[in-house]
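This report concerns only the one structure given below.
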Amino acid sequence: MKNILLLFNLLILSQYIGGQEMITNFLYRDGDRSSSPSGFVEFNQKIFFVATTDTYGREIWVTDGSESASYLLKDINPGNNSSIQALFSETSVIINNTLYFVANDGNSNGELWKTDGTTEGTEKVTNFLNLNITKLTLVGDQFYFLIKDADTLEVWVSDGTEIGTKMIKGNIPIWNTPSFQGKCNHTFIFTFQPYGSNDSRVWRSDGTSTGTFPITNEIDGNGAGPGGTSALTQYIEYKNELYFMSRHYLHKTDGTLENTIIITSMYYASVKSTMKCRNN
């Protein structure tokens, strides 16, 4: 019986392996010996991703699923220098059939770029940021990003043009790096550890200076994810509201101050559950 089960498992495994098809091999492409593809994004019925090669460094590649149509989009940072520093899927957004992303061309540490999917249509949008931006957040027909400069934070918004890329609010005291950037109800939501604090605070922005402000007090984090012990975690958007966890509570917000509330205490729920188990 054991031999029959083993044979069955081998047959299933061989069928699974047989169903895989290699699209392209970066290991020996043009003499290159490295790859590490990551950050896959679907755009214009193709897959855009980042891979490292000895010839071009870490750049954007494109595939339609066939080996003959897997190619380098553009050598943005010429030679074997890398243009993409952060995770491509986190630092790219799509607006009006245009893919926007953050790249370093050697003349700046990081600027906004855009592409229509062709080499000729891949061009730089801004020339004044000069920073390694780690995330773009799409909200409606514009996107937001944060820039940490020493111990202060800047909130930026862009419509995909140079003139439409502007700082909304700056000089916000911050410690460490922002632990969350997301959205709900057409509002940009972000969380960070205020300077001199051991806790976190949730902010919101509607793209204006007056509409950019904190919607929570300082909250004790739970240390259950990226951002250290001060970070809030388990963010999830559901029905135009954003839910998240602090150390003892489940919170939700619709992006407004008045509707940012504590739903329930997870601490007392845990205590009650533990007591019930002991009593049983």
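Observations, loosely collected:
- Pairs of alpha carbons in region 59-201 whose separation is greater than 22 Å (percent): 42
- Against the empirical 2.2 N^0.38 Å (N residues), region 26-134 has a Cα radius of gyration ratio of 0.99.
- Spin-label pair residue 175-residue 141: with each label point 7 Å from Cα along the Cα-Cβ axis, the two points sit 4.2 nm from one another.
- For region 137-280, alpha-carbon Rg and Dmax in angstrom: 16.7, 66
- Applying 1/(1 + (r/R0)^6) with R0 = 45 Å to the Cβ-Cβ distance of residue 36 and residue 266 gives a FRET efficiency near 0.70.
- Extension gain (nm, one decimal) between residue 81 and residue 234, 0.36 nm per residue minus Cα-Cα: 51.5 nm
- Spherically averaged projected area of region 168-248 from its Cα convex hull (nm²): 5.1
- Sites residue 66 and residue 198 - FRET efficiency at Förster radius 51 Å, r taken between beta-carbons, to 0.05: 0.45
All of the numbers you see were taken from the coordinates with simple rules; none came from a lab. Here the structure is a predicted model, which means the values were calculated and not measured. Note that each Cβ is placed from the backbone with ideal geometry, even for glycine, and that neighbours are counted across all protein chains shown.
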